[in-house]
Amino acid sequence: MTVGLYQLPVKMLEDLISPRALERILNDAAALRGTTRGHLDAQTLEDILKREVFKRLQLSVPAPLAKRRVAAVLAELSRTTQEHLVVSDAALDDLEDHARRFALYFDWPETQRLRGVLGVARQEKEEGRETAALIQEGRDLVAQMDRRLQEGLVVQAQELADLRSTSMHFQSLGSREVRRLDTLIVQVDEAQQQGTLLPGEVDRARTLTYTLRKRLESSLLDTPAGQGPGSLDPAADAQVQARVQELERQHALQLLEGAEREFGPLLLVRPDLGEQLAALRGQDGESALTTDAVEGWRATLGSALSDVLTGQRTRLAELETALADHTVSADARVSLDAAYRLLSGSTLATDELHALDTVLEVLRAGSVDAADSQTAGLSAGRELLDIERKARDLPSAAAELAPLLVGAQAALSGGQPVDLDPLWNVLERHMGAVAQERENFDHRADRIVAEYDAVRDLAGETTQRLGHLADVLRAQRHLGPMSAAARVRYAQTLGDAENLLEEAQAEYRAAQEVTAGFGEDALSGLLDLFELGKDDGLPVADAPTDPYVSEVWQVQGEALLDGPQNGNTVALGRLLTLAGDMGVTDLTLSSAEYHWEAQQDGGGPWRVKRTPRQREHHASKNTVPARPPR
């Protein structure tokens with residue numbers, strides 16, 4: 001028993017053309033060649049792909065894109081034979097292995113659906129019935145889960161890089177929270193290397209990072225201005241407060257995005273909750289979003305989820321009782337099993353219940369003698385559900401499809417014939433637009449990565465951040481068809497990377513100009529930075545009683561952690577920012593009056609020491625000169 005080769009292009013091109021339309025093309029093309037779609041060999045299928053399928057694809061996407069997609073199918077076809085598609089005990093065992101691979105993600109609907117498919121396929125095989133369709137559905141589910149996993153790993157890798165970068169600023173604190181953060185980062189890193197998602201650990205690490213960053217910034221506000229070595233003047237105090245408020249806003253926004261992901265299935269069945277989400281996002285635009293507001297909304301979501309779960313469990317029991325009076329298909333039995341597994345794990349089973357409702361309506365609308373009509377109705381019901389699922393990845397098509405979906409569902413419930421071609425036509429038009437957008441995204445990503453290579457040797461924070469985003473773009477570039485959420489992240493990464501690329505290129509040009517003209521005048525201008533606190537119009541701290549006493553500062557970014565707060569502070573921040581952009585971690589320079597030493601350890605705070613040149617001269621006068629050699 002085999003699954004036809006024709007299903008390969010049907011699955012690989014389903015993001016550009018509807019399966020129904022492609023199968024119809026393959027049927028007609030096979031008939032012209034004196035065969036059927038299920039008996040197409042590789043050579044005949046290749047000819048159809050190059051002719052009929054390529055021509056059809058050009059109705060929704062440009063010819064170059066259609067050519068590349070057909071070429072990808074041909075490449076896969078060249079290494080695929082009929083033997084690879086054999087449905088046997090080995091195929092079932094292979095699906096069992098995949099199910100164990102994704103067992104960790106028990107809350108994914110695809111995982112429970114795959115378990116249901118395997119259970120029903122075993123029963124069907126024992127009873128001597130056809131299992132090819134079930135095996136193919138299982139393979140499709142594995143492909144969907146693998147896509148979801150790969151998208152998740154790209155996001156997790158980006159989160160891991162951000163956590164590592166941020167955690168370097170906390171190492172000097174040495175607190176229990178820092179050690180816990182380090183442990184979580186190690187756990188996520190190990191999971192990433194093993195191809196496993198740990199969303200809970202990532203969320204906890206992000207929360208710890210927020211807590212530590214807020215504590216570090218808030219510590220600068222603890223000492224009133226003028227009452228200690230780490231005190232701030234009013235202007236600096238306002239800057240720190242602004243940074244703390246921005247941290248709080250970003251944290252609230254991250255919590256909101258996390259709640260949206262966690263309760264996504266609930267938002268699909270409760271539009272009123274989606275309106276609340278939009279209102280909270282509006283608060284963020286007004287800089288008024290707070291953690292308390294998000295936590296309050298999460299509590300509302302939790303209560304609503306409990307209510308919907310109760311309702312779905314009740315509906316499942318009703319459907320199970322009603323369907324017991326009918327002979328149902330293997331597909332319906334899979335939906336029953338998957339719905340039971342999902343609801344037992346407190347996960348919504350909206351799609352499965354929808355499918356079962358459609359099955360029951362078709363069975364009730366038909367008659368005992370209308371078996372063909374019932375079969376057509378059940379097939380249309382499955383196809384309609386497939387259209388709804390695809391539409392979720394095409395938000396732009398939602399408004400146009402909504403009335404068509406309602407009309408098709410009403411016709412199906414009334415036992416009337418349903419024409420789904422208009423719905424597929426709408427989907428194909430939007431799928432073509434998304435495919436062209438993806439093509440554009442990939443070209444932008446290639447350009448950014450290539451232009452980054454030209455400036456990657458320029459040290460500095462901008463280049464480092466750009467390098468990190470270039471790595472993310474490489475990973476996103478190699479993903480297959482993307483979900484709507486993955487496309488949004490891809491667009492965001494591209495925008496951020498393009499902005500950083502402009503900054504890096506400007507810094508690169510500036511560095512070249514400085515290098516080319518670095519002479520006495522340029523060196524003199526650079527040394528002017530070291531004449532800190534001298535005739536700059538800013539208040540200067542009282543000079544130490546001992547003219548030979550050194551002064552020491554500790555600076556993190558633009559914030560003064562320790563040391564005298566005076567006119568030197570602004571110039572210090574400017575100097576250290578310049579050094580960081582150049583990738584410098586040690587500075588030793590001298591001016592007419594002072595000798596300067598600055599060191600940065602592991603991306604942490606800078607320690608700056610200023611020693612008067614008279615001190616060196618004073619020390620030399622008390623030193624016995626060495627006897628010159630004879």
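The values are calculated or read from the model by the stated rules, or taken from the named source; none is laboratory data. Because the structure is predicted, anything quoted here is derived from the model rather than measured. Here Cβ is always computed from backbone atoms with ideal geometry, including for glycine, and neighbour counts include all displayed protein chains. Just so you know, the surface numbers come from the protein's heavy atoms only, side chains and all, with ligands and any DNA or RNA stripped out. Shrake-Rupley method; radii C 1.70, N 1.55, O 1.52, S 1.80 Å.
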- Are there any pairs, at least 6 apart or on different chains, whose C-beta atoms fall under 9 Å, with the first in region 14-33 and under 16 Å from ILE387 (Cα atoms) and the second of a type in the set (D, E, K, R) and not in a helix (DSSP H, G or I), and if so, which? ASP15/ASP393; LEU22/GLU14
- Subset of region 45-83 (residues that are open to solvent by less than 40 Å² (accessible area, probe 1.4 Å) and either of a type in the set (S, T, N, Q) or touching a residue at least 60 places away in the same chain (Cβ under 8 Å) (or both)): SER60, VAL61, LEU65, VAL73, LEU77, THR80
- Taking only region 239-292 into account, find how many residues are out of contact with any Ser or Thr (no Cβ under 9 Å at 6 or more places or on another chain), among the charged types (D, E, K, R) and buried (at least 16 other Cβ atoms within 10 Å of the Cβ). 5
- Item | Among residues of region 242-281, those that are in contact with a Leu (Cβ under 7 Å, 6 or more places away or on another chain) and closer than 23 Å to THR209 by Cα, counted | 6
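I'd like to check something: does region 112-128 contain any residue that is under 24 Å from the mean Cα position of the chain (by Cα) and in contact (Cβ under 8 Å) with a residue 24 or more places away in the chain?
Filtering region 112-128 for residues under 24 Å from the mean Cα position of the chain (by Cα) gives 112.
When the remaining residues are screened for being in contact (Cβ under 8 Å) with a residue 24 or more places away in the chain, the result is 112.
Yes, region 112-128 has at least one match.
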- Message: For region 300-329, give me the residue count where each residue is over 36 Å from the mean Cα position of the chain (by Cα), in a helix (DSSP H, G or I) and hydrophobic (A, V, I, L, M, F, W, C).
- Response: 4
- List every residue pair whose Cβ atoms sit under 6 Å apart, with the two residues 6 or more apart in sequence or on different chains, where the first one lies in region 343-360 and is over 17 Å from LEU323 (Cα atoms) and the second, anywhere, is among the β-branched types (Val, Ile, Thr) and open to solvent by 40 Å² or more (accessible area, probe 1.4 Å). THR350/VAL269
- Query: If PRO229 passes every condition in (1) crowded, with 17+ Cβ neighbours inside 10 Å; (2) at pLDDT below 85 but one, which one does it miss?
  - Reply: (1)
- Considering (1) open to solvent by 50 Å² or more (accessible area, probe 1.4 Å); (2) over 30 Å from ARG129 (Cα atoms); (3) not aliphatic (A, V, I, L, M), say which one TRP297 fails and leave the rest. (1)
- Within region 11-22, track down each residue that is open to solvent by 30 Å² or more (accessible area, probe 1.4 Å) and within 17 Å of VAL418 (Cβ to Cβ). ARG20
- Is there a residue being of a type outside the set (A, V, I, L, M), within 30 Å of ALA484 (Cβ to Cβ) and not in a helix (DSSP H, G or I) anywhere in region 376-397? yes
- Task: Scan region 426-478 residue by residue and report those that are assigned to a loop (DSSP other than H, G, I, E, B), open to solvent by 20 Å² or more (accessible area, probe 1.4 Å) and modelled with pLDDT under 90.
- Result: ARG456, ASP457, LEU458, ALA459
- Query: Just for region 398-419: of the residues that are among the polar types (S, T, N, Q) and more than 14 Å from GLU383 (Cβ to Cβ), which one is surrounded by the fewest Cβ atoms within 10 Å (Cβ to Cβ)?
  - Reply: GLN416
- Based on what the data block shows, is ARG148 open to solvent by 70 Å² or more (accessible area, probe 1.4 Å) and modelled with pLDDT of 90 or more? yes
- From the options VAL142, VAL155, residue that is open to solvent by less than 20 Å² (accessible area, probe 1.4 Å), of a type in the set (Val, Ile, Thr) and either assigned to a helix (DSSP H, G or I) or modelled with pLDDT of 90 or more (or both): VAL142
- Taking region 27-77 and keeping residues acidic (Asp, Glu) and either at pLDDT 85 or above or within 29 Å of GLU439 (Cα to Cα) (or both) leaves ASP28, GLU46, ASP47, GLU52, GLU76
